[in-house]
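Beneath this line is the structure, given in structure tokens, with notes to follow.
The values are calculated or read from the model by the stated rules, or taken from the named source; none is laboratory data. Every value quoted in this text rests on a predicted model; they were computed, and no experiment measured them. Positions of Cβ are backbone-derived with ideal geometry, glycine not excepted, and every protein chain shown enters the neighbour counts. Please note that ligands, DNA and RNA were not included when accessible areas were found on the heavy atoms of the full protein model with its side chains. Shrake-Rupley method; radii C 1.70, N 1.55, O 1.52, S 1.80 Å.
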Amino acid sequence: GKCSHGGHFDQSSSQPPRGGINKDSTSPGFSPHHMLHLQAAKLALLASIQAFTLLRNRLGDSGFSRLLDITPASSLSFVLDTTGSMGEEINAAKIQARHIVEQRQGGPMEPVHYILVPFHDPGFGPVFTTSDPDSFWQQLNEIHALGGGDEPEMCLSALELALLHTPPLSDIFVFTDASPKDAFLTNRVESLSQERRCRVTFLVTEDPSRVQGRARREILSPVRFEPYEAVALASGGEVIFTKDQHIRDVAAIVGESMAALVTLPLEPPVIVPGKPLVFSVDGLLQKVTVRMHGEISSFWIKNPAGVFQSQEEGVGPLGHTRCFGQFWMVTLTDPPQRGTWEIQVTAKGTPRVRVQAQTSLDFLFHFGIPMEDGPHPGLYPLTQPVAGLQTQLLVEVTGLGSRGNPGNSPPQFSHVILRRVPEGAKLGQVPLEPLGPPERGLLTASLPPTLLSTPGPLSLELIGQDGGGQGLHRIAPQPCTVAPVLLEFSGPPGFLTPGSKAPLSLRIASFSVPQDLDIRISVNPSFTLTSNLSRVRVGLNESAWGRLWLEVPDSATPDSVVMVTVTALGQEVSLMPPTHAFLRLLVLAPAPGPQLSAPAYSSGPVVTTATPVFHPSTLVTQGRAGGKAGSPWWGTVGGVLLLSLASC
């Protein structure tokens, strides 16, 4: 049941195959062939180079990069309102799509997938997915604004469908002139956008204060667009209100701004009347743009030398100003002066300000729990931190090999600042420690439970210095959310087949306060799902387990994706935000020939324990052969298949 490590203390070393595979020790007592370790390592390195070279020659650079996740599989995704009033918006989407395809074709940012999801009322979808830009363009050309014309529409349902089929780290554009009819999906779509790390940008051609225009079935709330604001905030995107005559220009600007850009942190993060917004420009930034939209009466921008530029359109002392209705954009002249810049905005209501720049230096972040027990300690991955749980933060700095780095030494990063979103209140800062050689750009920090005591969204800011000793300041492209409880959701060890019944397992744990929870489960598409868990109480450091059964109908389409969503809600008047876990499963046609029978599962009662044990099942697709601790398990993280062969 386990591999033979070899040595005098290994009882299996005398049985075939003899010798053992232990390469962790140079002691003959533990590793009888320790003198061959270096030779074996060199041989394995040469064999790996040979294998990768063969793969690269066979697949080409693009396919090889995709296989090893060197270049992520980005997509160009559009969610389109197709009601009768959307003619200009659909035309703008077509022009923008064509522009982005032509701009990125043949380059590293060329989309691998093209996704289109139409919606109206009462319907949404179907989703159209292709890898061929010509097919996507043809499908987009066949969409016309027909029928409907009243508000609201099924926008968030269509967006959820797009998120299900869009690869991580992609951009999704939503074109509409209506508020959402399905606002109850807001929190779920927020969580899904963060889990997929997709940025959602809404282009809305109805001003939220406008009371005339398309027909309405009912009197609509002036805050009816708040679900869009919430999803945009959670995903790192934005909501832009414009008018029909400006939609093409605004869409083109927004589309151009998506490639290889970072958003610069503002201090304060939101506009305070009479107080300027401050941002820093370092030597690795170029093509800095300031975008503002709202009922703006005046603004000015000041560089570190004290030079001002006001809102007059055209070329000024600091850059080029353009205006399309309530949308303003200032492109600063390259190279921008290093140092502290200021923006002062006078407006009615709450205008939105965003500063972006092109740079190679950015970062990604991941969360996990250190696992010290067992033969292979490591990091148990989390999609989001959990309140009250000691969590490890892993920072992955990208672009360290860029030629634009000034000085001879690479950038150095010292700490991370955590802020509450959206108000920007500083929660604290934690020091960073390098993990491995500096050129890898991996840093780690320990987040104490006191820092993650309150559920809710927060942002991460990376602080350091470039090779010349000048300050560097980056903000994560997307905020994260501290979950009130831990949800572990795992599926069967394999694929779904039409006509089958698949067991799913769920674990709920609390590490902050006792929780009384309602458990809600949904399936997309609407397959039958039964569960023995609808309400549960978990005490401090307690866990509860449940069993679910998913029935796949005979009519299920092979190669289709099924998403099961579990939501944990606080009962009654609880102010605890919902926690979501998502499980994606693939339906495949049964393979010809003899089939292995699935292990038997019991849908027994809910089990509660006070022992906070972590199993290798998480918010990503995973499974366990036989379903027992210590048995082999598998999982996927970032498109990489992980395998654990029992205790080896």
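So which of LEU504, LEU529, LEU517 ends up being closer than 13 Å to SER543 by Cα, at pLDDT 90 or above and touching a strand residue (DSSP E or B) at 6+ places or on another chain (Cβ under 9 Å)?
LEU517
Look at segment 463-504 and say how many of its residues are in a strand (DSSP E or B) and either closer than 30 Å to PRO448 by Cβ or open to solvent by less than 10 Å² (accessible area, probe 1.4 Å) (or both). Show your work before the answer.
Filtering segment 463-504 down to residues in a strand (DSSP E or B) leaves 463-465, 471-475, 480-483, 486-490, 496, 501-504.
Those still in the list that are either closer than 30 Å to PRO448 by Cβ or open to solvent by less than 10 Å² (accessible area, probe 1.4 Å) (or both) too: 463-465, 471-475, 480-483, 486-490, 496, 502, 504.
Going through segment 463-504 one residue at a time, the tally reaches 20.
Considering each residue of segment 155-175, count those that are open to solvent by less than 10 Å² (accessible area, probe 1.4 Å) and closer than 12 Å to VAL112 by Cα, and give that number.
Going through segment 155-175 one residue at a time, the tally reaches 2.
Those residues that are open to solvent by less than 20 Å² (accessible area, probe 1.4 Å), more than 16 Å from VAL416 (Cβ to Cβ) and either in contact with a Phe, Trp or Tyr (Cβ under 6 Å, 6 or more places away or on another chain) or charged (D, E, K, R) (or both), I need them from segment 387-401; list them, please. Walk me through how you get there before you give the answer.
Within segment 387-401, the first condition is being open to solvent by less than 20 Å² (accessible area, probe 1.4 Å), and the residues that meet it are 387, 389, 391, 393, 395, 397.
With the extra rule that they be more than 16 Å from VAL416 (Cβ to Cβ), the set shrinks to 387, 389.
LEU389 - this is the single residue of segment 387-401 that is open to solvent by less than 20 Å² (accessible area, probe 1.4 Å), more than 16 Å from VAL416 (Cβ to Cβ) and either in contact with a Phe, Trp or Tyr (Cβ under 6 Å, 6 or more places away or on another chain) or charged (D, E, K, R) (or both).
Answer with yes or no whether GLU423 is among the acidic types (Asp, Glu) and more than 20 Å from GLN194 (Cα to Cα).
Judged against the criteria, GLU423 is not a match.
Exactly one of (1) surrounded by 10 or more Cβ atoms within 10 Å (Cβ to Cβ); (2) at pLDDT 85 or above; (3) assigned to a loop (DSSP other than H, G, I, E, B) is unmet by SER574. Its number?
(2)
Only one of (1) closer than 29 Å to PRO268 by Cα; (2) at pLDDT 85 or above; (3) open to solvent by 20 Å² or more (accessible area, probe 1.4 Å) fails for LEU447. Which number is that?
Unmet condition: (3).
Being free of Cβ contacts under 8 Å to residues at least 24 places away in the same chain, open to solvent by 20 Å² or more (accessible area, probe 1.4 Å) and closer than 23 Å to ALA425 by Cα: is that true of PRO269 here?
no
Taking the condition surrounded by fewer than 16 Cβ atoms within 10 Å (Cβ to Cβ), outside any helix (DSSP H, G or I) and within 27 Å of the chain's Cα centre (by Cα), does PRO122 pass?
On the way: surrounded by fewer than 16 Cβ atoms within 10 Å (Cβ to Cβ): yes; outside any helix (DSSP H, G or I): yes; within 27 Å of the chain's Cα centre (by Cα): no.
It is false that PRO122 is surrounded by fewer than 16 Cβ atoms within 10 Å (Cβ to Cβ), outside any helix (DSSP H, G or I) and within 27 Å of the chain's Cα centre (by Cα).
Quickly run through segment 182-195 and pick out the residues that are within 8 Å of the chain's Cα centre (by Cα) and surrounded by fewer than 22 Cβ atoms within 10 Å (Cβ to Cβ).
GLN194, GLU195
Go through segment 288-353 and tell me which strands (runs of 3 or more DSSP E), entirely inside it, have 1 or more residues that are of a type in the set (S, T, N, Q) and open to solvent by 40 Å² or more (accessible area, probe 1.4 Å).
308-310, 327-332
ARG520: under 25 Å from VAL386 (Cβ atoms), touching a Ser or Thr at 6+ places or on another chain (Cβ under 6 Å) and of a type in the set (D, E, K, R), yes or no?
Numbers: under 25 Å from VAL386 (Cβ atoms): yes; touching a Ser or Thr at 6+ places or on another chain (Cβ under 6 Å): yes; of a type in the set (D, E, K, R): yes.
For ARG520, the condition - under 25 Å from VAL386 (Cβ atoms), touching a Ser or Thr at 6+ places or on another chain (Cβ under 6 Å) and of a type in the set (D, E, K, R) - is met.
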